[in-house]
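Have a look at the structure below, then the notes.
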Amino acid sequence: MKLSKIVPTLFALIIASCTPATSSSSLSVSSSSDSLSSVQSSESSSSETSSDTSSNVSTTSSSSSSSSSSSSSSSRSSSSSSSSSSSSSSSSSSSSSSSSSTTTTSSSSLSSSPSGEETVNLALMSAPLYIPAISQNDCVSYKVWDLEYAIKDENTFIPYMSLETALLTIYDDVEVIKEDNKITYTCPYDIVFTVDHEKNTITAHNFDNIIASDGGERNIFNMTDGEEVNTHIKENYITLQGTEDVVFDLNKYNLDIYKYNDDFYIPFSIVNSITFNMCFWASCNFNGTAFYLLNFSRGAVALNYVGTSFEKDFHNGDYRFKNARSNYEFREYNYNSLMFHLDISYGFRDCRISDFNDYLTKNHQDIVNNLKSDNENFYCQAIERLINYVIGDGHSTAGNNASACGASTYTRTGIMSERYLALIDNEEDLLARRQKALGRNVPSLRYYRDTAIITFDQFLYYPYEMSDAIAEQLVNYDSFALVYSLMKQINNKAGIKNIYFDLTCNPGGGVIAAIGILGYLTENVELTTYCPLTKTAASQSYKIDTNLDGIFNEDDCLAYKYKFFVLTSAMSFSCATWFPHLAKENECATIVGENTAGGACNSYITATPDGKIFRISGIAPRAGFKDNPSAHPDDGVIVDVPLDRDYFYNDDALAEIARNH
């Protein structure tokens, strides 16, 4: 599959997880938001950003290369010990199983060395990998296969894994080239990883392709590929510029790569961050007994998974029963790994915080201390403060679960950033104003003279092959389907000249839905995105079959028939910022109201190595500008026509603006 077929599927990942954690809109059906709006701040809030320059991840324009001393082609279908002529892999047969399965240990003890120096002993192990599966009203653990890993000391609880093992969970075949101190892994889509044991580094070539691979070839979640279901959306082209190799230097995080014969074992947290997290947009976590892929239907269910069978299984591992948090080395590993993950994954790493350890040490030493605490409650509260307050960008939020070292929940602090509090205040005010003007049950479509006003409070996306009949059934589950149904009504009503999209109480949702709706406004939907890790700018263009006749032509765009307007507020966040941003970039609508609330990145669910779940603004895709891809609208889209919120729901005022613009 060519890159041009892969990258667009990124947007299929951005569903309810793109809404802010504060949303509780009456029309919103997001289940991925914590009910933070009811929590009062117990700490003085302020916007805390930094333009740190001491990044712990470097990029280079040179390609990865190495001379071959040993080469093999790995496949998941085989199962053998890793050696110079063969590679390790596990059985791919899936079976239902509970997490009570025990870890198995091989009879051999591995003598290994970190960065070519001191010798340590590793024990080769294997443990089952579980994914969440919906069963009636529960989320249960479903076994995929076993994963091979290693530990150097059973009292430290720190797992290590060959990069080959992880890559074979994503791709069918991986070519392995081995040298004395380097191993190069070549994957499909020209993705190349080079592990340098001597330098203690990992270099990734074409890292954008693993970010965009949407579940990989093996597709272990049985995800439906976006290009198969979005038949009403056709990509015209994609152009990438500025892609750089990424060098992950583990020395800066006090983490070591261990060498055993001709294979290298990397701290599993690092393997997870650069493979599972990037490919699945989910975190693969070890609980001391088994591996759990903390993916929740592409982010469409709540961060709070407490009470499910999957959660109970995850908390019934050795991390909890052997009190892993009491081990100093484990706590240091957990902290250093978290810093690595935030440094490479944070969507604003190039303009806000690029070195989290440096920033926290200088500004929040108390958080650093508690992140390393052996007290589960203090530790989880520190994660909450870090994500909800220090980062506090509206997307990033900490769930109310404890880590795998704890029983279940912890005592929340309720501390939030100034931005979160502003979103909460604006939500409460705007919902009250709208209800007073339009009633509790706001109609999706209303008319005033020659103006139609469409209102929806979330960009919902349902991955299904769209048709006229299907769209009518999905109006409550997919925003494109809703607008398709409403546009048919508008087209049948005489005298309509202007159409508003009211996003004043819309906290975001799925970009795929936004792209589909924009097809009514412009014949070619063009967008620019940027990845701050690889410094890659992507220009993309889409055609939309808005009338669902199976033909992509000029009849799909209705700009010849109507003038389009987007009504926004200081609550319009995430995709409700993307939509007016793209409308301005494509010059196909007039933006009216208040500047939007921002939210320029996608967001995804991830976790600390010990399983404390949180959500973060991710590195790709981030909305950019045609003439400046690395710039972003996270400070909000500037309106063309300012309008006081007193007149948001005054249809006469909206119609007057439409007549004059």
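Observations
- Sequence ranges 477-490, 232-245, 164-177, ranked by mean other-Cβ count within 10 angstrom, highest first: 164-177, 477-490, 232-245
- In units of the rule-of-thumb radius 2.2 N^0.38 Å, segment 512-661 shows an alpha carbon radius of gyration of 1.16.
- Cα-Cα over 32 Å, subset of Lys436/Lys563; Lys178/Lys626; Lys252/Lys535: Lys178/Lys626
- Simple spin-label estimate for Glu198 and Lys322 gives 3.5 nm between the two label positions (7 Å along the Cα-to-Cβ direction from each Cα).
- Shape call, segment 418-478: gyration tensor on alpha carbons, a/c limit 1.5: oblate
- Beta bridges by DSSP in segment 505-641, antiparallel share as percent, to the nearest 5: 75 percent
- Mean projection area, nm², convex hull over Cα of segment 480-570: 7.4 nm²
- Here is the size of segment 568-639 from its Cα atoms: Rg then Dmax, 14.1, 48 Å.
Values quoted throughout were computed directly from the atomic coordinates according to the rules given, and no laboratory measurement underlies them. These numbers come from a predicted model, not from an experiment. Using ideal geometry, Cβ is built from the backbone for each residue, glycine included, and neighbour counts are taken over all protein chains shown.
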